[in-house]
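The next block holds one structure in the form of structure tokens; read it before the comments.
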Amino acid sequence: MPRRLEFTVTTCAGGVEAAKRLGQRRGGRAIDGVARLGPVDGDDRDRPPGLVVHSAHRELLLRSWRGLFARLAALVTWIVRRRRIGNRKNQMHDSVRSRAMDRKSALLENGQHVPVVGQHVGVEFPDALRARDMRQMLEQERGDAVALMLVEDREGDLGVAGIRAAEVAPHADEALRPGLPEGRGQSDVVVEVEFRQAREVGVAQIAAHRKEPAMDRSGTESAEVFEQARLVVGVDRADENLFAAAQSYLGSVSPEIGGKVFGSHRDKGITIAPNPGRIPSACRAHRRGCDPHRVRATAKEQRTDAMSENKIENTIKDKVAIVGLGETAYYKRGQAPVSEFRLALEAIIRACDDAGLRPAEIDGIASYSNDRNDSVRVATALGLPDLRFSNMFWGGGGGGGSGAIGNAAAAIVAGFATTVIVYRALAQGQFGRFGQTPAVNQISGPAAYTWPYGMSTPAQWIALRTRRFMHEHRVGQDALAAIAMACYHHAQFNPRAIMCGRPLTRAMYDESRWIVEPFHLYDCCMENDGAAAVILTSRERARDLKQRPAWVMAAAQGSDYRQGAGAENLPDYSTSNFKTLAPRLYAMAGIEPKDVDVAQVYENFTGAVMTSIVEHGFCHPDEVMEFCTLENLTWPNGRLPINTSGGNLAECYMHGLELIIEAARQVRGTSTCQVKDAEIALVASGPMVAPVSDLILHR
Amino acid sequence: MSEHGGDESKKTYLPEGMPAPAASRDGLDGEFYAAAKRHELMVQRCAKCGTFQFPAEWICHKCHAFDPAWHRVSGRGRIYSWERVWHPAHPALKNACPYLVVVVELEGAGGVRMVGNLLGDAMQDVQFDAEVEAIFEDHPAGHTLIQWRVAG
């Protein structure tokens, strides 16, 4: 992804200060930097203009953008020299002479023009623009010729990172050569320089500048034509021949001096023509005696289009939090005393109470697994004033729990909704069991290649894939038993868990009946009736609510290559389907597997938990027997406590939403098996289905 | 020991009453079932790029040519995975457990796999990569299933 740093170019020190102060007014965040064109040293009279860069990323600039600024400076220099500004005489502004680089003399001659550009490029704007400029100059009391356009804010202090004039070569191409290798070394940088249409010519200083000594303000030149330049730095093209790219860019620019339009495709462009005799309008106005100190800040906030956002930050990370948790009691299958839809409503109301929100504040609904409890029915039943987001994660059975959270978060960040409820209500006893083959006489499609052979249920195809994994990596029954016993262990501390009070020993596990080898009864999730719901809202709102927010640090969803192929034809066979998700998830979060303090891993069956642990990077596939032990997987001292409320095996089977609730509790510090100092909680939803999804919450 | 789940009177591995496979109404996989009736095993193989795929689809997943051709395969393969099912997930299987399910990687078919039952003793020791051959199991209702037997 390209990383954009945004700078503006100004021609006076005052502009720099304006940038700093405007940045401060925005809460201490400034732009990435300001490039000020001017002599680098006070004694640099005969040298071409250099580039003084004030940067929030000073080191970055010094190391890696040096060449880029050299390029900018070279470009400007080249334009300046092309116009032979330094040698113009007579009809130019008084301050412009062959030794016009001498800022001291310029200052003396134009004492009142303290903020004014000491040297002018003899360029002329297109007629329409010029006329407008004139009007503006008449209307506005400004002294300086350059308007500073603040394009974007960044944090940091602006400090000076000087670029020596020696780095600015007389010939544009020469400047590039030393710069480019450095640029190339730094993750492949591409620079675009955009020159915008001059919208206004005005002063970019604010009153505070009055305090500055006059000497500090002068000493700039040229670039009056460039009201604003924006450097867009892209960091995504490996090994591109930057030299060639730069050459072609400059090559395209150069013929356009001398009358043609030049500028970015987005801009109308500026017509540049030789104009030796023209007194720049700014100075004309200024000569009328306007008070240079009576200036207004005219920097406007640049409209930031989508391209200018820093794409690395353009994720849901830390912009949304889970703020409310709601659950009904969990019943054994078929024993819920009320209807499934009523269970859904109960869970939603409880989540609102937990958050301190009124249900009417919900404006978005998300769910997964073809939940029967229709969003519009819920919205109608609750009398929601305005439904702005209605989303079902497509496919995947239990693979959608984290995905629904991710979708809800995306909706909030996108501005579709502000407060989204994610729920799942399940009363298998009322509607049919997952673990049964429908009693049909005939079947067609992909199921026709498996059902007639007595292979139809999730237990059966997950057992096939688990068996293959165990064969490939020499894994024995111990790993599966450890996972089951860890879940049951945690359930003993959770009064809500169905298996609370019914601990599981290894002997019980081994003696329990087979469902389908290698799965015993205790390797399989339960079947339950109940409902669960969580509420998400934005960063701004989350802080005002009752509970500690559980921030959504990252989310991912998806499916690996042809994982949906029927008749067990998925090319990568013994996988939970997280191999492509987990890297994306950790990349968004900016963490590594070792940073995860506690993991909730959906157990349709223990075998799928095992492969999920591997695919999220917690252990190597050949180390499963060493890693998946009761000791490692249990609270309080395990290396990776999993399913700390009992999970699908022992707390309840709420299709994984109860795992998300447990992850939020771990982050809040309210779990019944609270991992000490737990900061980062991971949820894996699926697994061994398509698509699957992942979630990371943190404190 | 009979080849069929331990009961010599049974001509089919699993009891009657299991869902019978039927060709899709849209004609996608009619070729497969017609071939099975002839006791031939066929999978899709793209005429353009030669990629095998199964189950059938309208398009080659590799080169996206439509309507991949059908290709006869040898009927031999190796055991890629297996399981012994103990819990009946269908009423017809109430008394049929345990039984064996195998995933077979077909010979000469680019990695294509099929699912079936492994004939013989349900408690036999099943070996990964064991060579197996297809046995066509005709059912009274008119459909033909493809079962597998360890090659002798």
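A few comments on the model shown:
- Hey, A:Pro438 facing chain B (nearest Cβ under 7 Å) and either in a helix (DSSP H, G or I) or surrounded by fewer than 22 Cβ atoms within 10 Å (Cβ to Cβ) (or both) or not: no
- Within the range B:20-55, being within 10 Å of chain A (Cβ to nearest Cβ), touching a residue at least 60 places away in the same chain (Cβ under 8 Å), of a type outside the set (Ser, Thr, Tyr) and closer than 11 Å to B:His143 by Cα holds for B:Ala20, B:Pro21, B:Ala22.
- Residue check for B:Gly77: crowded, with 17+ Cβ neighbours inside 10 Å, of a type in the set (Gly, Ala, Ser) and more than 10 Å from chain A (Cβ to nearest Cβ): yes
The rows are residues; the columns are (1) at pLDDT 95 or above; (2) of a type in the set (Phe, Trp, Tyr).
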{"residue": "B:Gly17", "(1), (2)": "no, no"}
{"residue": "B:Pro21", "(1), (2)": "yes, no"}
{"residue": "B:Leu28", "(1), (2)": "yes, no"}
{"residue": "B:Tyr33", "(1), (2)": "yes, yes"}
{"residue": "B:Ala36", "(1), (2)": "yes, no"}
{"residue": "B:Phe54", "(1), (2)": "yes, yes"}
{"residue": "B:Cys63", "(1), (2)": "yes, no"}
{"residue": "B:Phe66", "(1), (2)": "yes, yes"}
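- Sole residue being touching a Leu at 6+ places or on another chain (Cβ under 9 Å), assigned to a loop (DSSP other than H, G, I, E, B) and either within 29 Å of A:Asp510 (Cα to Cα) or within 14 Å of another protein chain (Cβ to nearest Cβ) (or both), chosen from A:Met485, A:Met455, A:Met470: A:Met455
- Check on A:Ala409, in a helix (DSSP H, G or I), more than 14 Å from chain B (Cβ to nearest Cβ) and within 32 Å of the chain's Cα centre (by Cα): yes
- Residue within the range A:574-581 that is more than 30 Å from B:Ala56 (Cβ to Cβ) and either free of Cβ contacts under 8 Å to residues at least 60 places away in the same chain or within 14 Å of another protein chain (Cβ to nearest Cβ) (or both) present: no
- Screening A:Thr505 against (1) more than 25 Å from B:Leu100 (Cα to Cα); (2) under 38 Å from the mean Cα position of the chain (by Cα) leaves a single unmet condition, (2).
- Taken residue by residue, the range B:56-68 has no member that is touching a Lys or Arg at 6+ places or on another chain (Cβ under 6 Å), within 9 Å of another protein chain (Cβ to nearest Cβ), assigned to a loop (DSSP other than H, G, I, E, B) and not polar (S, T, N, Q).
- Taking the criterion of being part of a strand (DSSP E or B), free of Cβ contacts under 8 Å to residues at least 60 places away in the same chain, facing another protein chain (nearest Cβ under 9 Å) and under 19 Å from A:Tyr449 (Cβ atoms), the residues of the range B:80-101 that qualify are B:Tyr80, B:Ser81, B:Trp82, B:Glu83, B:Val85, B:Val101.
- Looking only at the range A:345-366, and only at residues there that are of a type in the set (Val, Ile, Thr) and assigned to a helix (DSSP H, G or I), the one that is farthest from A:Ile661 (Cα to Cα): A:Ile349
- Unmet requirement for A:Asn441, which otherwise passes all of (1) closer than 26 Å to B:Ala56 by Cα; (2) modelled with pLDDT of 95 or more: (2)
- Scan the range A:499-524 for residues that are closer than 30 Å to A:Leu343 by Cβ and either away from every other protein chain (no Cβ under 14 Å) or aromatic (Phe, Trp, Tyr) (or both) and the total you get is 8.
- For the range A:421-433, the condition holds for at least one residue, the condition being that it is surrounded by fewer than 24 Cβ atoms within 10 Å (Cβ to Cβ), within 14 Å of chain B (Cβ to nearest Cβ) and in a loop (DSSP other than H, G, I, E, B).
- Filtering the range A:470-488 to residues that are surrounded by 24 or more Cβ atoms within 10 Å (Cβ to Cβ) and over 13 Å from A:Cys628 (Cα atoms) leaves only A:Tyr488.
- Restricting the range A:519-538 to residues that are surrounded by fewer than 22 Cβ atoms within 10 Å (Cβ to Cβ) and modelled with pLDDT of 95 or more, the residue that is nearest to A:Met610 (Cα to Cα): A:Leu521
- Here B:Gly116 fulfils each of the conditions (1) crowded, with 22+ Cβ neighbours inside 10 Å; (2) facing chain A (nearest Cβ under 9 Å); (3) under 19 Å from A:Met470 (Cβ atoms); (4) of a type outside the set (D, E, K, R) apart from (3).
The values are calculated or read from the model by the stated rules, or taken from the named source; none is laboratory data. Values in this document were obtained by computation on a predicted structure and should not be read as measured data. Backbone-built Cβ (ideal geometry, glycine too); neighbour counts: all protein chains shown.
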